[in-house]
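Here's the structure we're looking at; comments come further down.
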Amino acid sequence: MLVSIYRYNPEKDDAPYMQDYQIDLPAGKDLMVLDVLNLLKAKDTTISYRRSCREGVCGSDGMNMSGKNGLACITPVSEAVKNGKLILRPLPGLPVVRDLVVDMGQFYKQYEKIRPYLINDAPAPAIERLQTPEEREKLDGLYECILCACCSTACPSFWWNPDKFIGPSGLLQAYRFLADSRDTATQDRLGDLDDPFSVFRCHGIMNCVSVCPKGLNPTKAIGHIRTMLLQNAT
Amino acid sequence: MVTQVTSFGRSGLYDWMIQRVSAIVLSLYTIFMVGFLLLNPDLTYDQWSTLHEATWMRVFSLMVLLSIGMHSWIGLWSISTDYIKATGARFFFQSLCGITMFVYIVWGIQVLWGL
């Protein structure tokens, strides 16, 4: 199989380029894309990429595989290969550090903006802040985000305004705390989001939903935030 | 919170709401106009001017003119903040859109109301 990999080492290369590798895959097995990268890395040690848990939990190996963002460790080659060729590029829109490794700084800045932690001014109870099963259920589909950045880097609004638009991942987390019955900063949180960029740059094209490796729905969460802002202001 | 002074309503929620409401007005007007033209295949000048002289039609048309202005301002503002990265060029484009929108509204009122 032919694998084409985006290569760029800023210390040596003037510009990025695509490097082709021919690799024989073991017959009768559908390897994951990360396995292919590991096999190639054994042949060419200069290829750089992030990986850790190799089971879709850590979110380190987010990359663009034949045009679609995803986690290399849980994407079978058969799904990613197109016309007998596997094309691997770094996540779009973020600065490339080297090869498939991107600088996630801007992504984390947006995450930090939404204050991704529980805010509750009441004195902490002796054991824990309790929730009813119904209240807890509201966090399903929100807390599972692993911050792999596949969604935000598939979003054109995030490409054009990464410093102003929170992005689907950050907004999913923003709603996770807005929906939490134990959080008391709802008004403050909503106030921080009511500008023309932070939330409203989402035009609902749902690229985020189509690429999320955890099957989450940031567009739906953004819709809920809009409704909350509207209810708050009318 | 990202501060913006050139967006239509300075608030994302306000712009978003105006965009939706104006879209509904524009859709209703389009449906009405298409329906009117289909129901009157042999339209005469008298029928056309009688329609536009009615007060309700003037209110409807003015609402549509203002909706076009607001809808296009918000849309073009979004496009300019996406694609025009140089501040001077972006401000020039946004000013040009604002002036054009104002000219079209005043001119539209003149045309539709026969002033």
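The values are calculated or read from the model by the stated rules, or taken from the named source; none is laboratory data. None of the values given here were measured: they were computed from a predicted structure. Ideal geometry is used to build each Cβ from the backbone, glycine not excepted, and the neighbour counts take in all protein chains shown.
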Open item on the list: Against the condition closer than 25 Å to A:G93 by Cα and not in a loop (DSSP other than H, G, I, E, B), how does A:V36 come out, does it pass?
Closed with: yes
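With the structure loaded, tell me whether A:P196 is under 15 Å from the mean Cα position of the chain (by Cα) and either surrounded by 17 or more Cβ atoms within 10 Å (Cβ to Cβ) or in the same structural domain as A:C58 (by TED's automatic domain parsing) (or both) or whether it fails that test. First the steps, then the outcome.
Details: under 15 Å from the mean Cα position of the chain (by Cα): no; either surrounded by 17 or more Cβ atoms within 10 Å (Cβ to Cβ) or in the same structural domain as A:C58 (by TED's automatic domain parsing) (or both): yes.
In short, no.
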Task: Leading residue by the ranking (nearest to B:L65 (Cα to Cα)) among those in the stretch B:85-103 that are among the aromatic types (F, W, Y) and free of Cβ contacts under 8 Å to residues at least 60 places away in the same chain - done: B:F102
Open item on the list: Kindly evaluate B:S7 against the criterion of being within 16 Å of the chain's Cα centre (by Cα), surrounded by 17 or more Cβ atoms within 10 Å (Cβ to Cβ) and either within 22 Å of A:T234 (Cα to Cα) or of a type in the set (A, V, I, L, M, F, W, C) (or both).
Closed with: yes
TODO: Test A:S157 against the criterion of being within 14 Å of chain B (Cβ to nearest Cβ) and of a type in the set (S, T, Y), and give yes or no.
DONE: yes
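Matching residues to (1) among the aromatic types (F, W, Y); (2) outside the structural domain of A:K68 (by TED's automatic domain parsing); (3) surrounded by 21 or more Cβ atoms within 10 Å (Cβ to Cβ):
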| site | (1), (2), (3) |
| --- | --- |
| A:A122 | no, yes, no |
| A:A149 | no, yes, yes |
| A:S181 | no, yes, no |
| A:G191 | no, yes, no |
| A:F200 | yes, yes, yes |
Open item on the list: Being within 14 Å of chain A (Cβ to nearest Cβ), of a type in the set (A, V, I, L, M, F, W, C) and within 30 Å of A:G204 (Cβ to Cβ) is true for just one of B:V21, B:V64, B:V34. Which residue is that?
Closed with: B:V21
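From A:L37, A:L31, A:L71, grab the single residue that is touching a helix residue (DSSP H, G or I) at 6+ places or on another chain (Cβ under 9 Å) and under 22 Å from A:S152 (Cα atoms).
A:L71
So, A:K41, is that one assigned to a loop (DSSP other than H, G, I, E, B), without any contact (Cβ under 8 Å) to a residue 60 or more places away in the chain and in the same structural domain as A:I87 (by TED's automatic domain parsing) or not?
Values: assigned to a loop (DSSP other than H, G, I, E, B): no; without any contact (Cβ under 8 Å) to a residue 60 or more places away in the chain: yes; in the same structural domain as A:I87 (by TED's automatic domain parsing): yes.
Answer is no for this residue.
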Open item on the list: If a residue counts only when it is farther than 20 Å from A:V209 by Cβ, which strands (runs of 3 or more DSSP E) contained entirely in the stretch A:52-130 have at least 2 such residues?
Closed with: A:85-89, A:96-98
